[in-house]
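One structure is given here, and the rest of the page talks about it.
The values are calculated or read from the model by the stated rules, or taken from the named source; none is laboratory data. Predicted, not measured: the structure shown is a model, and the values here were computed from it. Heads up, the Cβs are rebuilt from the backbone with ideal geometry, glycines too, and the neighbour counts pull from every protein chain shown. To get the accessible areas, we keep the full protein, side chains included, count just its heavy atoms, and leave off ligands, DNA and RNA. Shrake-Rupley method; radii C 1.70, N 1.55, O 1.52, S 1.80 Å.
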Amino acid sequence: MRPRPALAAWLGVAAALLAIGPLGARAATPQPQTSLSEISAEVMCPVCGTLLELAESPQALREKAFVSRLVAEGRSKDQIKDALVAEYGTEVLALPQGSGFDLSAYLVPIIAFVIAVIALAIGVLRWRRAGDPPGGDGPARPRGPNAADSERLDADLARYDL
Amino acid sequence: MLAVVGLLTFGLLSKGSSGIAVGEVAPAAPLPQLEGGGTGSLADYRGRWVLVNFWASWCVPCREEAPALEQFQKRHGNAGFTVLGIDSRDLSGDGRAFVRRYGLTYPQLRDGDGATAHDFGTTGVPENYLIDPDGKVRLLVRGPVNEEYLDGEVAPLLPGGGQS
């Protein structure tokens, strides 16, 4: 017995829906873009005053749950940090921001390094110039014995009769 | 070298806070409302007695004192007195859930970054400050309050001895 055309069409639609179903469900489930461990290494527990990843206080556990929920929703790291700042203010960020006064945290070490390199270069130049003979351009060269030294050396050698 | 010393000095000065003492004027910076939009401030209550209660939803003693504060508000809250909750360093969603769970009816502000708690010089939560109509601190309790304390120490200072 062959199925009727209408029944066959309905069976086809049902089969298609069954095939699409899991794909649709997967598409609706957000994919995590970051992780709790990644975020908690870069934000603070404001009450504890330590990195969130090191904190186990009740407040830290609430904060970790908040981050985990946002991670599961598929939020990006920046979005989650923004959400934390909205809740706790900028002090929740463990890393200084790249603007305003916080920028000095990145600039000061670079400026200090450049100043140190310049100071070292100037010091090396002065040290090398101090070793140069007066008026000479090149480095100081070892000098041989003068006439008095040669006479004294000859006298000593003659005295010991080697 | 000068820059390093300057940064260290700035850090020490910005971190250091001795807080307020009894008799001093309480900080009154505006804060967001915990529920709904807009802001509120202790200055909005000038002319009234205000019991400022710093709390957080994750704080166990705060849960224990919340019913006593609500009862006190129901008995004494009027045009001359209110309890004012300040949810400090807490997630706003958790704070709102806390208010619903304990049926708190007194006004609530939100101090997410703890700046106001810092200005008061709190050392944790809960802490309670009774502010007089001139905005000065009259009582300070570092820790939870209970009905006995509220009835014995706070109520007698209120207008009409707390009889509402």
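Cβ contacts < 6 Å: first residue over 24 Å from B:D90 (Cβ atoms) and of a type in the set (D, E, K, R), restricted to the stretch A:91-113; second residue at pLDDT 85 or above and open to solvent by less than 80 Å² (accessible area, probe 1.4 Å), any location; separation 6+ or different chain. Result? If the second residue must be at pLDDT 85 or above and open to solvent by less than 80 Å² (accessible area, probe 1.4 Å), no pairs are left.
In the stretch B:44-59, the residues that are closer than 23 Å to B:R101 by Cβ form Cβ pairs under 6 Å with partners that are open to solvent by 30 Å² or more (accessible area, probe 1.4 Å) and of a type in the set (D, E), at six or more places apart or across chains, as follows: B:S57/B:D94. Going by the conditions given, is B:G143 assigned to a helix (DSSP H, G or I) and either under 30 Å from A:G49 (Cβ atoms) or in contact with a Ser or Thr (Cβ under 8 Å, 6 or more places away or on another chain) (or both)? Here the answer is no, as B:G143 does not meet what is asked.
Residues that are polar (S, T, N, Q) and within 14 Å of chain A (Cβ to nearest Cβ) occur at least once in the stretch B:81-89. For the stretch A:89-108, a residue qualifies if it is of a type outside the set (A, V, I, L, M), at pLDDT below 85 and more than 14 Å from the chain's Cα centre (by Cα), and the qualifying residues are A:S99, A:G100, A:F101, A:D102, A:S104. Counting only strands (runs of 3 or more DSSP E) that sit wholly inside the stretch B:30-112, those with at least 3 residues that are closer than 20 Å to B:V154 by Cβ are B:49-55, B:81-88.
For the stretch A:50-99, filtered to residues that are part of a helix (DSSP H, G or I) and hydroxyl-bearing (S, T, Y), the residue that is farthest from the other protein chains (Cβ to nearest Cβ) is A:S68. Considering only the stretch B:99-108, I want to know if a residue exists there that is over 15 Å from the mean Cα position of the chain (by Cα) and either among the hydrophobic types (A, V, I, L, M, F, W, C) or within 14 Å of chain A (Cβ to nearest Cβ) (or both). No, every residue in the stretch B:99-108 fails to be over 15 Å from the mean Cα position of the chain (by Cα) and either among the hydrophobic types (A, V, I, L, M, F, W, C) or within 14 Å of chain A (Cβ to nearest Cβ) (or both). Between B:S88, B:S92, the distinction of being hydroxyl-bearing (S, T, Y), open to solvent by less than 10 Å² (accessible area, probe 1.4 Å) and modelled with pLDDT of 95 or more belongs to B:S88 only. On the basis of being at negative phi and at pLDDT below 95, does B:I20 make the cut? So B:I20 fits the description; yes. With respect to the stated conditions, A:V108 is over 30 Å from B:C59 (Cα atoms) and facing chain B (nearest Cβ under 10 Å). Kindly check whether there is at least one residue in the stretch B:122-131 that is under 20 Å from B:E24 (Cα atoms), of a type in the set (A, V, I, L, M), open to solvent by 20 Å² or more (accessible area, probe 1.4 Å) and within 14 Å of another protein chain (Cβ to nearest Cβ). No: the stretch B:122-131 contains no residue that is under 20 Å from B:E24 (Cα atoms), of a type in the set (A, V, I, L, M), open to solvent by 20 Å² or more (accessible area, probe 1.4 Å) and within 14 Å of another protein chain (Cβ to nearest Cβ).
Being within 12 Å of chain A (Cβ to nearest Cβ), of a type in the set (K, R) and on the phi > 0 side of the Ramachandran plot is the requirement here; does B:R63 meet it? Answer is no for this residue. Residues in the stretch B:76-89: is at least one among the basic types (K, R) and farther than 22 Å from A:C48 by Cα? Among the residues of the stretch B:76-89, not one is among the basic types (K, R) and farther than 22 Å from A:C48 by Cα, which makes the answer no.
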